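Enquirer: Structure incoming, see below.
What follows draws every value from the coordinates through simple rules; no lab data is involved. Bear in mind the structure is a predicted one, so any value in this text is a computation, not a measurement. Note that each Cβ is placed from the backbone with ideal geometry, even for glycine, and that neighbours are counted across all protein chains shown.
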Amino acid sequence: MKILSVNAGSSSLKFQAYEMPEEKILIKGVFERIGIDGGFYTLKINGEKIEKKADMPTHDEAVKILVKELLERNIVKSLDEIEGIGHRIVHGGAHYKESVIITEKVVKDIEDLSPLAPLHNPAHVMGIRACMKEIPNAIEVACFDTAFHQTIEEDRYLYAVPNEWYEKYDIRKYGFHGTSHKYVSERAAELLDKKYSNIIVCHLGNGGSVSAVRDGRCVDTSMGFTPNAGIVMGSRCGDIDYSIIPYLMKKTGMSIDEIDTILNKKSGMLAISEISSDFRDIEAKISVRDHKAILAHYLYVNSVVDYIAKYYVELGGADAICFTAGVGENSPHVRRMIVDRLSCLGLKLDRDKNEEMRFGKEGLITKEDSSVPCYVIPTDEEVMIARDTYNLSNQ
Ligand code: ADP
């Protein structure tokens with residue numbers, strides 16, 4: 001059975017085609033600059049990388065090209081072979097606790113949640129509509145980034161603000177990167193060979209979040225009402241004292257939108273390092289002892305360690321701490337700083353193993369006698385989407 005896993009952004013559309021249930025990737029690719037001049041797409045098939053230019057005024061054209069490529073490359077002989085299409089959806093609100101088959105009502109709900117995820121949800125709807133139009137016979141499935149966090153209890157998801165804000169305006173913690181936290185915590189439980197386990201997952205990418213998972217259920221997570229809360233990120237500030245905002249508005253005359261843009265796009269590692277939001281650029285400057293690059297790393301590590309320590313207590317101890325996503329999978333430097341800071345809890349880093357674990361490798365990075373084992377587990381949100389889509393398409 002062939003399944004597509006789709007992640008539609010405002011000007012891009014990423015996809016992977018799977019043979020299920022084997023979970024074999026048949027082809028994957030990304031369409032970029034949709035709706036912008038200079039559109040192009042890249043495909044990866046059998047180790048070969050192909051890049052082509054294409055004019056794509058809307059997501060419809062991207063999906064049309066995707067269909068053409070699938071047919072021409074004999075991935076499918078007819079479109080009917082694609083039985084399910086799973087879409088990554090950033091915000092599912094408090095209603096969606098798991099993946100669902102997409103109906104008109106689901107599309108409307110995703111649209112209605114757009115004020116909570118203005119950069120993502122409208123784009124997901126464009127992706128869904130394009131797939132419905134070009135591949136009409138497939139079952140479409142929505143997989144929500146928020147769903148895994150719906151097991152968080154009231155005393156952890158409420159903010160200490162008037163109840164009315166929650167009741168009328170849905171102000172509460174939602175949490176994001178749920179598909180990744182679910183994948184990594186499930187994989188860690190497999191590696192530990194322990195179904196009942198306390199796992200702390202550090203999803204450290206350009207955006208980042210830490211979550212606490214008990215027996216496969218999320219107990220808490222660092223992102224909040226929006227993906228701006230929690231740890232320091234590439235260009236997002238993470239947790240700050242909210243009073244900074246009205247103070248700065250009065251002091252500088254900046255509008256709320258201007259401040260919002262700064263906190264979203266010009267803060268985090270970018271702001272402190274004054275180099276880049278990309279850890280690779282900042283790490284390159286650490287080797288020449290750039291003070292701001294070093295300081296940015298300390299702020300970052302402090303924020304991650306704070307959450308690990310908090311969740312260690314919240315869970316009453318941890319069976320594993322896992323690192324994933326761009327930074328978590330590829331930066332031994334950041335992992336070393338984090339694990340060394342946790343040595344007071346008895347964690348012992350294996351420096352050689354830590355250096356080895358990069359570029360898609362999975363494995364242990366702590367010594368045998370470390371109080372808590374730490375793992376690098378490359379995340380795979382696409383396969384989670386394909387699994388849910390396969391299961392729902394078979395019902
Ligand atoms: P997102 O999905 O949030 O865009 P990713 O999980 O793809 O983010 O992570 C991207 C980030 O990972 C990059 O911005 C960069 O900071 C970091 N990264 C990628 N490769 C490396 C590396 N080799 N060393 C350090 N950081 C890296």
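Enquirer: Just to be sure I follow the rule: in segment 33-161, considering lysines 8 or more places apart or on different chains, how many pairs have Cα atoms under 21 Å apart?
Expert: Going through segment 33-161 pair by pair, I get 20.
Enquirer: Also: Sorted by mean Cβ packing within 10 Å, highest first, what order do the peptides 73-80, 61-68, 167-174 take?
Expert: 61-68, 167-174, 73-80
Enquirer: What do you get for Rg/Rh over segment 214-294 if you use C-alpha atoms and the Kirkwood form of Rh? The partial results should precede the final answer.
Expert: Values: Rg = 15.5 Å, Rh = 14.3 Å.
A ratio of 1.09.
Enquirer: To continue, here is another question. Can you tell me the 0 to 90 degree angle between the C-alpha axis of helix 178-192 and the longest principal axis of the chain, rounded to 10?
Expert: The answer is roughly 70 degrees.
Enquirer: Rg and Dmax of the chain, using alpha carbons, in Å: what are they?
Expert: In order Rg, Dmax, the Cα atoms of the chain give 21.3, 64 Å.
Enquirer: While we're looking at this one, here's another question. In nm, what is the difference between 0.36 nm times the number of residues separating Leu299 and Glu154 and their Cα-Cα distance?
Expert: This chain segment gains 49.2 nm when fully extended.
Enquirer: What does DSSP give for the chain in terms of the percent of beta bridges that are antiparallel, rounded to the nearest 5?
Expert: Once the DSSP bridges in the chain are tallied, antiparallel ones form about 70 percent.
Enquirer: Lysine pairs, Cα distance under 23 Å, 8 or more residues apart or cross-chain: how many in segment 153-271?
Expert: Details: Lys173/Lys182; Lys173/Lys265; Lys182/Lys194; Lys182/Lys195; Lys250/Lys265; Lys250/Lys266; Lys251/Lys265; Lys251/Lys266.
Here the count comes out as 8.
Enquirer: Can you tell me the 0 to 90 degree angle between the C-alpha axis of helix 332-341 and the longest principal axis of the chain, rounded to 10?
Expert: Between helix and principal axis, roughly 40 degrees.
Enquirer: Sticking with this one: What ranking, highest mean first, results for peptides 93-99, 136-142, 366-372, 206-212 when packing means the other Cβ atoms within 10 Å averaged over each residue?
Expert: 206-212, 136-142, 93-99, 366-372
Enquirer: So, one more: Using only the alpha carbon atoms of segment 87-155, find the Kirkwood hydrodynamic radius as the inverse mean reciprocal pair distance, in angstroms to one decimal.
Expert: Final number for the Kirkwood radius of segment 87-155 is 12.3 Å.
Enquirer: Continuing with the same structure: So between Glu164 and Tyr242, what do we pick up on full extension, going 0.36 nm a residue minus the alpha carbon distance?
Expert: On the way: separation 78, 0.36 × 78 = 28.08 nm, distance 1.93 nm.
So the extension gain works out to 26.2 nm.
Enquirer: Once every DSSP H run of n ≥ 4 in the chain is given -39500 (n - 2.57) and the sum is divided by its residues, what mean residue ellipticity at 222 nm do you get, rounded to the nearest 500 deg cm²/dmol?
Expert: The helix-only estimate for the chain comes to -11500 deg cm²/dmol at 222 nm.
Enquirer: Calculate, in whole percent, how much of the Cα-Cα pair population of segment 18-95 lies beyond 17 Å. Working shown, then result.
Expert: Numbers: 1630 of 3003 pairs.
Result: 54 percent of Cα pairs exceed 17 Å.
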